[in-house]
């Protein structure tokens, strides 16, 4: 049986920690090891942060910004698998134009998505200009004997 | 979550000794940027950031540190990090910033 938890989150920086702590608590209850829990915390924070920073056009009014950067997070726990879905209805972007950053290059842009892809076992990102962005990320629990 | 930032002028070593405790994310990174910028505005010198009590950082926090580093390296100055916890070290390694900052 899959356990499902849904959150609708205002696009405000202070709620990213709330989502992060929720993800950590769910992963801990599901038996993930400390390293995996840390990975999940960073990945979900990066996804939420991207929405707040890039979910609307620069110069948008505060009211519209909050509407455009409101997002839904859905957690699904099914056996050894934790799936996290993050969806917004902001400006979206063209994933084809995204390139991974050069490691160590002194700039921070584009780093968030790269970190999500590195830390999670499966990542699926779909985005459409004007319609928003959907990210599905999965982490698989390692057998206890494989945990360090 | 909160962040605690301590800034000390280490006159003997001619550098800013910074201590970060707590979590640096999109909510707390602006105060880290503000404190580092204020220190550099007062005196341009190297920066050493002690991460012993830093429990969490993400790309927003790394971005602040990298941006500060980018702003002073042309003057021959550096930003160095010490004692990162495992999770923080992993993120530094993934981003490739470990080579220039550790």
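Residue count for region B:22-39 satisfying the condition of being more than 14 Å from chain A (Cβ to nearest Cβ) and crowded, with 16+ Cβ neighbours inside 10 Å: 3. In region A:2-21, the qualifying residues are those that are in contact (Cβ under 8 Å) with a residue 60 or more places away in the chain and farther than 14 Å from residue A:88 by Cα, and the one that is farthest from the other protein chains (Cβ to nearest Cβ) is A:2. Just one of the listed residues (A:75, A:32) is touching a strand residue (DSSP E or B) at 6+ places or on another chain (Cβ under 9 Å), modelled with pLDDT of 95 or more, in a loop (DSSP other than H, G, I, E, B) and on the phi < 0 side of the Ramachandran plot, and it is A:32.
Of all residues in region A:46-63, those satisfying the criterion of being part of a loop (DSSP other than H, G, I, E, B) and either over 16 Å from residue A:113 (Cα atoms) or within 8 Å of chain B (Cβ to nearest Cβ) (or both) are A:56, A:57, A:58, A:59, A:60, A:61. For region B:53-82, a tally of residues being more than 19 Å from residue A:48 (Cβ to Cβ) and either under 12 Å from the mean Cα position of the chain (by Cα) or at the interface with chain A (Cβ under 7 Å from one of its Cβ atoms) (or both) returns 12.
Scanning region A:22-45 for residues that are within 8 Å of another protein chain (Cβ to nearest Cβ) and free of Cβ contacts under 8 Å to residues at least 60 places away in the same chain yields A:38, A:41, A:45.
Residue B:17 meets each of the listed conditions (1) modelled with pLDDT of 95 or more; (2) surrounded by fewer than 20 Cβ atoms within 10 Å (Cβ to Cβ); (3) out of contact with any strand residue (DSSP E or B) (no Cβ under 6 Å at 6 or more places or on another chain) apart from (3).
The values are calculated or read from the model by the stated rules, or taken from the named source; none is laboratory data. Keep in mind the model is a prediction, meaning the values are calculated, not measured. Glycine also receives a Cβ, built like all others from the backbone with ideal geometry; neighbour counts cover every protein chain displayed.
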